Amino acid sequence: MSPEKVIEILLQCVWKVGVINTNVPLIISLVGSSHHDFPPIINKFDDLNILGYEINLSCPHVAKMGMEVGDDPEMVNKIVKTVKSHTLKPVVVKVGVGNVDLLDIARAANDAGANAITAINTIRAMTINIESGIPVLSNKIGGMSGKSLKSIAIRCVYEISNNIRIPVIGCGGIFSWEDAVEFMLAGASAIQLGSVIGYEGVGAFKKINLGLKGYLERKGFKNPSELVGLAHKY
């Protein structure tokens, strides 16, 4: 499927959701191979009922995009500046664990005006079909997600939030309210859920919210924001 067709389908989905429920906050995830790719996409979405954009600079699935771009601090800085110059909406940058110090990438995004950092994306991995001997993915290298990422993601959120003052959105292996609390203690102002939905469906949102609410009441906190970064005090 061509990039143009993907954008067309995404536009239709965003328009339908925005019309059906104007109270649903939508964040559009964008990916590109250079700063030139983003303005035409933003021009198509910016007038729709969306909250902002998440720039995916760390996806390992597609060649010449994602991680290959996100490992270059100069390119990250240029992309974020370009996106910011074409929209007044918040811009979040999703970073991953690549071949460059993650803090250098986060700083480049911060210096360019990013409003928040999402950490982390999937980690480069691969699997091979033992009968055919052929890598399962056409790109050979893809992204590993799920519970196995959590400890790495916690470390990344902790380090980024300890060095950069814009908010950090934590993700990677969150399957329970305990996981959500751990990310917040590490410095995450918000969290993202992904793999757990594949196992438990959208009911995972309610389960985690209820667990988090119970934890806050038991600990005497009035708001989840009171948890953010508490681990940095020790």
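Taking the DSSP beta bridges with both ends in the chain, the antiparallel portion is around 20 percent. Anyone know which of Ile197, Ile79, Ile41 comes out most mobile in the 10 Å Cα GNM of the chain? Maximum fluctuation in the GNM of the chain, among the listed residues, is at Ile197. Only protein atoms count toward the accessible area here, which uses a 1.4 Å probe; on region 172-212, the carbon and sulfur part of that area reaches 61 percent. Listed by chain and number, the aspartates and glutamates whose C-alpha is less than 19 Å from the C-alpha of Lys213, apart from same-chain residues fewer than 8 away, are Glu178, Asp179, Glu182, Glu226. Beta bridges from DSSP with both residues in region 38-158: antiparallel share about 35 percent, rounded to the nearest 5. Across the chain, the longest run free of exposed loop sites, meaning trypsin sites (Lys or Arg not before Pro) lying outside DSSP classes H, G, I, E and B with no more than 13 other Cβ atoms within 10 Å, spans 65-139. Shape of region 156-234 from its Cα gyration tensor (a ≥ b ≥ c, root eigenvalues): rounded if a/c is under 1.5, otherwise prolate when a/b > b/c, or oblate? Because a/c hits 1.5 or more and a/b fails to exceed b/c, region 156-234 counts as oblate. Running a GNM on the chain with Cα contacts under 10 Å, which residue among Met126, Met75, Met184 ends up with the highest mean-square fluctuation? The residue with the greatest mean-square fluctuation here is Met126. Solvent exposure of the chain, expressed per residue, is 54 Å² of accessible area, with all protein chains present and a 1.4 angstrom probe. Strictly over 27 Å apart at the Cα level, which of Lys44/Lys81; Lys81/Lys233; Lys89/Lys207; Lys78/Lys206 would you flag in this model? In this structure, Lys81/Lys233; Lys89/Lys207; Lys78/Lys206 lie more than 27 Å apart at Cα. Using a ≥ b ≥ c from the Cα gyration tensor of the chain (square roots of the eigenvalues), is it rounded, prolate or oblate, where a/c under 1.5 gives rounded and otherwise the larger of a/b and b/c decides, a/b for prolate? Rounded shape, in that the Cα axes give a/c under 1.5. From helices alone, the chain scores -13000 deg cm²/dmol at 222 nm; the rule is -39500 (n - 2.57) for each run of n ≥ 4 DSSP H residues, then divide by the residue total.
Using a Gaussian network model of the chain in which every pair of alpha carbons under 10 angstrom is joined by a spring, one finds that among Asp111, Asp71, Asp47 the greatest mean-square fluctuation is at Asp47.
Shown are Asp72, Asp46, Asp101, whose ranking by accessible area with a 1.4 Å probe and every protein chain present, most to least, is Asp101, Asp72, Asp46.
The values are calculated or read from the model by the stated rules, or taken from the named source; none is laboratory data. Everything quoted here is computed from the prediction, not taken from an experiment. Note that we place each Cβ from the backbone using ideal geometry, even for glycine, and neighbour counts take in every protein chain shown. For the accessible areas, the whole protein counts, side chains as well, though only heavy atoms, and no ligand, DNA or RNA atoms are used. Shrake-Rupley method; radii C 1.70, N 1.55, O 1.52, S 1.80 Å.
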